[in-house]
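Down below is the structure, laid out as structure tokens.
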Amino acid sequence: MSCGCSSRLKDGKAVVDHVKSKGKDSQAPLVAHEIHCDCGETFTLETVIMNCPSCGMTYAVTPCGSDDINNIKQAGIQYA
Ligand SMILES: [Zn+2]
């Protein structure tokens, strides 16, 4: 893929860094997945990088991988 998102990113922090470097961190994902956070909060992923509204855990996915919930990774509390 031309955007480079298909390359394997080893963890959530790498995904955040990659997506931010492309300036796509406020882009909407292909599917608005429902996230069940470790803290017990459930929220809808509205942008490809988003923090849990309760605990602040950062969730990240590349725009082209965002149709698959398995591609969504945790990057750490308020990493974004
Ligand atoms: Zn949370």
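The set of residues in the stretch 27-49 being part of a loop (DSSP other than H, G, I, E, B), closer than 18 Å to Asp11 by Cβ and open to solvent by less than 60 Å² (accessible area, probe 1.4 Å) consists of Cys37, Leu45, Val48.
Checked against the criterion of being surrounded by fewer than 19 Cβ atoms within 10 Å (Cβ to Cβ), in a loop (DSSP other than H, G, I, E, B) and in contact with a Cys (Cβ under 8 Å, 6 or more places away or on another chain), the stretch 50-63 has at least one qualifying residue.
Pairs are defined by a Cβ separation below 9 Å, a sequence spacing of at least 6 or placement on different chains, a first member in the stretch 9-25 that is within 10 Å of Ala80 (Cα to Cα) and among the charged types (D, E, K, R), and a second member that is part of a helix (DSSP H, G or I) and open to solvent by less than 60 Å² (accessible area, probe 1.4 Å); the pairs so defined are Asp25/Val16; Asp25/Val19.
Residues that are free of Cβ contacts under 8 Å to residues at least 60 places away in the same chain and buried (at least 20 other Cβ atoms within 10 Å of the Cβ) were ranked within the stretch 64-80; the one that is farthest from the ligand (Cβ to nearest atom) is Ser66. When Ser2 is tested against the conditions (1) open to solvent by 60 Å² or more (accessible area, probe 1.4 Å); (2) at pLDDT 95 or above, the lone failure is (2). Among the residues of the stretch 20-53, those identified as of a type outside the set (Ser, Thr, Tyr) and away from the ligand (no atom under 16 Å from the Cβ) are Lys20, Lys22, Gly23, Lys24, Asp25, Gln27, Ala28, Pro29, Leu30, Val31, Ala32, Val48.
The values are calculated or read from the model by the stated rules, or taken from the named source; none is laboratory data. Since the model is a prediction, treat every value here as computed from it, not as a measurement. Positions of Cβ are generated from backbone atoms using ideal geometry, with glycine treated the same way; all protein chains shown enter the neighbour counts. Protein only, heavy atoms only, side chains kept; ligands, DNA and RNA dropped before computing areas. Shrake-Rupley method; radii C 1.70, N 1.55, O 1.52, S 1.80 Å.
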